[in-house]
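One structure is given here, and the rest of the page talks about it.
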Amino acid sequence: MASTFPTTLDTFTNPLSTDVLTSPSHAQQHSDLNDAVEALEAKVAIGNTVLGTYTAYTPTFTSITVGNGTLAAQFCRVNNFVHAFGSLIFGSTSVMSSNPIMTLPTTTSITEVRTGIVLGTVVYSTAAGTATFGYLDGRASVNNGEFQVFNASTTYLTRSNPSATVPFTWAVDCFIRWNIYYKAA
């Protein structure tokens, strides 16, 4: 029997201690198990594509100029689950504008792009370490996330778009860190 994994699970005959080596066939038992192991190896892969291995990616931004800032990001995809994290540390030529957007490492499965599709958390920090929190919103498109910052100026927590002065005035060594997770298309 050839392995049917990963489409379906294989069904193996477990021989009994009283069975002769020809019923079920001893050689066929080895062949079936070898096929199944090879199918598992093909599914899990080797090298840098091993299940659960993180790979560097370089997001692009709208309304953020990286300039001489330091950008680092990685992602991991396990089946359709994607986890990504990264940071942008501002340099002297980095610029924050209004309504910043970041590309995602893979397309999301979000079928209805709208406000409130939270892809994960974002931390905005000054060089002195004063942190403000927010999230990456999936409303921009299936390929992008829009940065949001929490606004506590009303009775209930709301969202605001980061800008050159929100949540603070951006300067050298200020940073953005994100930790996102979503279902890939």
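FYI, it's all coordinate maths here, none of it is from the lab. Predicted model only: the values in this text are computed from it and were never measured.
Descriptive notes on the structure:
- For the chain, the longest principal axis of the Cα atoms and the long axis of helix 26-44 meet at an angle of about 10 degrees.
- Helix-derived mean residue ellipticity, 222 nm - over the chain, DSSP H n ≥ 4, -39500 (n - 2.57), to 500: -3500 deg cm²/dmol
- A compact globular protein would have a Cα radius of gyration near 2.2 N^0.38 Å; the ratio found for the stretch 128-185 is 1.26.
- 5 Å binning of all Cα-Cα separations within the stretch 55-183, expressed as whole percents from 0 upward: 2, 11, 22, 25, 20, 12, 6, 2, 0
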